1. Hey, residue 158 hits all of (1) at pLDDT below 90; (2) surrounded by 17 or more Cβ atoms within 10 Å (Cβ to Cβ); (3) within 28 Å of residue 60 (Cβ to Cβ); (4) touching a strand residue (DSSP E or B) at 6+ places or on another chain (Cβ under 9 Å) but one; which does it fall short on?
2. Tell me, which residue of the stretch 32-62 that is touching a residue at least 24 places away in the same chain (Cβ under 8 Å), touching a helix residue (DSSP H, G or I) at 6+ places or on another chain (Cβ under 7 Å) and part of a loop (DSSP other than H, G, I, E, B) is farthest from residue 160 (Cα to Cα)?
3. Taking residue 12 as meeting all but one of (1) in contact with a helix residue (DSSP H, G or I) (Cβ under 6 Å, 6 or more places away or on another chain); (2) modelled with pLDDT of 90 or more, write down the number of the exception.
4. With the structure loaded, tell me whether residue 23 is more than 15 Å from the chain's Cα centre (by Cα) and either buried (at least 19 other Cβ atoms within 10 Å of the Cβ) or in a strand (DSSP E or B) (or both) or whether it fails that test.
5. Criterion first (within 22 Å of residue 24 (Cα to Cα), touching a residue at least 24 places away in the same chain (Cβ under 8 Å) and more than 15 Å from the chain's Cα centre (by Cα)) does residue 138 satisfy it?
6. What strands (runs of 3 or more DSSP E) lie completely within the stretch 66-122 and have 1 or more residues being touching a helix residue (DSSP H, G or I) at 6+ places or on another chain (Cβ under 8 Å), over 16 Å from residue 34 (Cβ atoms) and at pLDDT 85 or above?
7. Scan the stretch 27-44 for residues that are crowded, with 17+ Cβ neighbours inside 10 Å and within 23 Å of residue 125 (Cα to Cα) and jot them down.
């Protein structure tokens, strides 16, 4: 049963991080979370909430803007897969994603990708079959909107993210 995309209102940065924490326990090895949205919309905040939920609440989660990727292990066995946090903003060619380890990350765990549009028109050529797509946009004031949709296993997992 496919769940249509839906929109979640995010009142502030805490709500954005909380959405990341709600996504975390649903992740399985080989899956990808794609974060779309302009600068300043909260992609890194959502990523930080997701990663801290899998690792520990005080995990240092810098934006991988300059390193391009950061790797994290779950807090304990059974807490979820290892996760690689990619920021593809600085890529000049989609193929560079392989040079920084995207395929290995998906073989061993899951990937969280900011700026997935850098993978070109069809990111499925570089990613596994199971993907959650989160598009962050501005609403009023500090409020953001997260439009979520899924491919593969995430088509049915979306029901677990409903408010």
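1. (3)
2. Across the stretch 32-62, the extreme among qualifying residues is 61.
3. (1)
4. On the way: more than 15 Å from the chain's Cα centre (by Cα): no; either buried (at least 19 other Cβ atoms within 10 Å of the Cβ) or in a strand (DSSP E or B) (or both): yes.
So residue 23 does not fit the description; no.
5. On the way: within 22 Å of residue 24 (Cα to Cα): no; touching a residue at least 24 places away in the same chain (Cβ under 8 Å): yes; more than 15 Å from the chain's Cα centre (by Cα): yes.
In short, no.
6. Values: elements: 69-72, 83-87, 110-114.
Qualifying strands (runs of 3 or more DSSP E): 69-72.
7. Within the stretch 27-44, 27, 30, 31, 32, 33, 34, 35, 36, 37, 43 meet the criteria.
The values are calculated or read from the model by the stated rules, or taken from the named source; none is laboratory data. Note that the structure is predicted; figures quoted are calculated from it, not measured. Note that each Cβ is placed from the backbone with ideal geometry, even for glycine, and that neighbours are counted across all protein chains shown.
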